[in-house]
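**Student:** Please see the structure below; I have some questions.
The values are calculated or read from the model by the stated rules, or taken from the named source; none is laboratory data. Just so you know, these numbers come straight off a predicted model, no measurement behind them. All Cβ positions, glycine included, derive from the backbone under ideal geometry; neighbour counts span all protein chains shown.
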Amino acid sequence: MAFLISTLLLTSFAILALIDGFYLHLIKYQLFNHWESQFEHLTHTVRAFLFPLIVYFLFLPQNCLPCFYIGLSFVLLDILVLGIDAWVEKDSRTFMGGLPRWEYILHLFVNGFHFASIAVFLAIKMTFVDNDLVIVQDLSGENNFALFQFVAKNLIPGAVILAMLHILTILPTTRAYWNHFMVKWKCC
């Protein structure tokens, strides 16, 4: 049941992160175009790159203890960057009168689902045997593990594309192309 829960949390995170990280940040508000939001956009870019690395190193490898520790390090770095992002967000949204309450709530759910999926996974991956913490190397026999891995593997390409879009909007030359494309694509 735990892998099913983690899969649902991870899927919920991915859907809401797409709305927040792609639509709201890159299309609707274009945070990268406002000088007061550029540092916030940088924190979003770092987190956009950390997510596929977390999935790749923490969720996917079997029988790779170094991969687990690398993935865990990326999670800790993600928590640090999230704290920085939350700290600067109030000031970075002055151009729009502050962060809308509904977007603040969206951020709570996005990050809640993200870290809850990781916490449930860690609860499966780590156990105590004779008062010693043991990291379970092979989870392939667990119920719903194949579904979890299928979802995790299939999130990586989209997450990498979203991270690359964040980079494109940081660099001045490619930001100009993005802005030109957005003017022509007046949907939102």
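**Student:** Name the one entry in I5, I19, I15 that is farther than 30 Å from M182 by Cα, part of a helix (DSSP H, G or I) and of a type in the set (A, V, I, L, M, F, W, C).
**Tutor:** Answer to the check: I5.
**Student:** When you go through T169, T173 one by one, which is the residue that is farther than 22 Å from F57 by Cβ and surrounded by fewer than 10 Cβ atoms within 10 Å (Cβ to Cβ)?
**Tutor:** T173
**Student:** Oh, and also: Mind checking which pairs have a first residue in the range 158-174 that is in contact (Cβ under 8 Å) with a residue 40 or more places away in the chain and farther than 18 Å from W35 by Cβ and a second that is in a helix (DSSP H, G or I) and among the β-branched types (V, I, T), Cβ under 8 Å, 6 or more apart or different chains?
**Tutor:** Taking only residues 6 or more apart or on different chains, the pairs are A159/V55; A163/T45; I167/T45; I167/T174.
**Student:** With the requirement that a residue be of a type in the set (K, R) and assigned to a helix (DSSP H, G or I), what does the range 90-131 give you?
**Tutor:** Hits for the range 90-131 are K90, R101, K125.
**Student:** Just one of A86, A48 is buried (at least 17 other Cβ atoms within 10 Å of the Cβ) and in a helix (DSSP H, G or I); which is it?
**Tutor:** Of A86, A48, the one residue that is buried (at least 17 other Cβ atoms within 10 Å of the Cβ) and in a helix (DSSP H, G or I) is A48.
**Student:** Mind telling me which of the residues L26, L53 ends up being within 14 Å of T169 (Cβ to Cβ), within 18 Å of the chain's Cα centre (by Cα) and assigned to a helix (DSSP H, G or I)?
**Tutor:** Answer to the check: L26.
**Student:** Now for a separate question. Is it true that S12 is modelled with pLDDT of 95 or more, surrounded by 14 or more Cβ atoms within 10 Å (Cβ to Cβ), farther than 17 Å from I170 by Cα and touching a Ser or Thr at 6+ places or on another chain (Cβ under 6 Å)?
**Tutor:** Against the criterion (modelled with pLDDT of 95 or more, surrounded by 14 or more Cβ atoms within 10 Å (Cβ to Cβ), farther than 17 Å from I170 by Cα and touching a Ser or Thr at 6+ places or on another chain (Cβ under 6 Å)), S12 does not qualify.
**Student:** Is it fair to say V75 is in a helix (DSSP H, G or I) and touching a Ser or Thr at 6+ places or on another chain (Cβ under 8 Å)?
**Tutor:** no
**Student:** Quick one: which residue in V55, V151 is under 28 Å from S37 (Cβ atoms) and aliphatic (A, V, I, L, M)?
**Tutor:** Being under 28 Å from S37 (Cβ atoms) and aliphatic (A, V, I, L, M) holds for just one of V55, V151, which is V55.
**Student:** Let me ask another. Can you tell me which residues in the range 132-159 are of a type outside the set (A, V, I, L, M) and not in a helix (DSSP H, G or I)?
**Tutor:** Matches in the range 132-159: D132, Q137, D138, S140, G141, E142, N143, N144.
**Student:** Can I ask one more? Looking for whichever is of a type in the set (D, E, K, R), farther than 24 Å from A48 by Cβ and touching a residue at least 12 places away in the same chain (Cβ under 8 Å) here; the options are D138, D85, D91. Which one fits?
**Tutor:** It is D138.
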